[in-house]
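The values are calculated or read from the model by the stated rules, or taken from the named source; none is laboratory data. In this text the structure is predicted, and so the values were computed from the model without any measurement. As a convention, Cβ positions derive from the backbone with ideal geometry for all residues, glycine included, and neighbour counts pool all protein chains shown.
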Amino acid sequence: MKNTDYLIDPDEVANLIHHNVESGFSHTTYREELERFAYLENGDDRAVESSVKLMNADVQGRLSEDPLRNYKYLFIVNTGLATRVVIEAGVTQELVYSISDVYIRKADEATTIDEVKELNREIWKRFVRLVRDIRKRGSYSKPVQECINYITSHFNTKITLNDLAGATGLTPNYLASVFKRDTGMTVGEYLLNFRIDSAKALLTKTDYSYLQIALSLGFCTQSYFTQVFREQTGITPKEYRLRYVDKTFSDIN
């Protein structure tokens, strides 16, 4: 009697196991997976080569009959697992997820298996570097990490110390002292630096107007954005865009 509790008949799983045994195929071992993620968690370059080695349909299985799509699926699975490890290592959650999203979209657009493999190598190199940087400067305490995650997700709105205190369960004064101790900056300085860094990326990688950028980063007016940007960088947003605009982006547009 067939089991109707599942969308996939359990017999299909049993048949695949039988087929794998008959063909001599076996998935990468759990121990190899743990070794790869242990390397990543410690910012060890061996994580990259281990990932390249395991990014192989011959050891990871077949998720699609189409070879290219199969590698795309493998990339998504591997990237999803890696993001958890990098976040656990102390890298800001929103940063990790954003990097993951961008690379998965790139993989989705890839037209060759080699492109997907190269994206896999690149994102693992990037993750290793992020973990290494975190370890080099020392991991932030949990409340400060929660603050940074909150800022990264809400930087385009007004953020007060009380908002962050509420998110962490600490008093505003104590949170301010812990944040300063861990980062070397006040909450206001960190938020401002984050917004200015985001502005630099938007100025050079997009064709958004100066007003769009100002409002998207939580500045009330374009003129105030220009004033603050000039105070922080020594030049206006327009001068920055002209000086550092991504030529590849310009050519595409």
Q) Name the pairs whose Cβ atoms lie under 7 Å apart, with the first residue in region 231-253 and within 9 Å of Thr204 (Cβ to Cβ), the second modelled with pLDDT of 60 or more and among the charged types (D, E, K, R), and 6 or more positions between them or separate chains? A) Tyr240/Lys200; Asp246/Lys205; Phe249/Lys205
Q: For Ala214, indicate whether it is farther than 18 Å from Thr92 by Cα, assigned to a helix (DSSP H, G or I) and under 19 Å from the mean Cα position of the chain (by Cα).
A: no
Q) What's the number of the condition Gln93 fails, among (1) in the same structural domain as Asn42 (by TED's automatic domain parsing); (2) in contact (Cβ under 8 Å) with a residue 60 or more places away in the chain? A) (2)
Q: Can you confirm whether region 98-108 contains a residue that is closer than 19 Å to Glu41 by Cβ, surrounded by 16 or more Cβ atoms within 10 Å (Cβ to Cβ), touching a Gly at 6+ places or on another chain (Cβ under 8 Å) and not assigned by TED's automatic domain parsing to the domain that holds Arg230?
A: yes
Q. If you go through region 223-242 one residue at a time, do you hit one that is surrounded by 12 or more Cβ atoms within 10 Å (Cβ to Cβ), on the phi > 0 side of the Ramachandran plot, in contact with a Leu (Cβ under 9 Å, 6 or more places away or on another chain) and not assigned by TED's automatic domain parsing to the domain that holds Thr92?
A. no
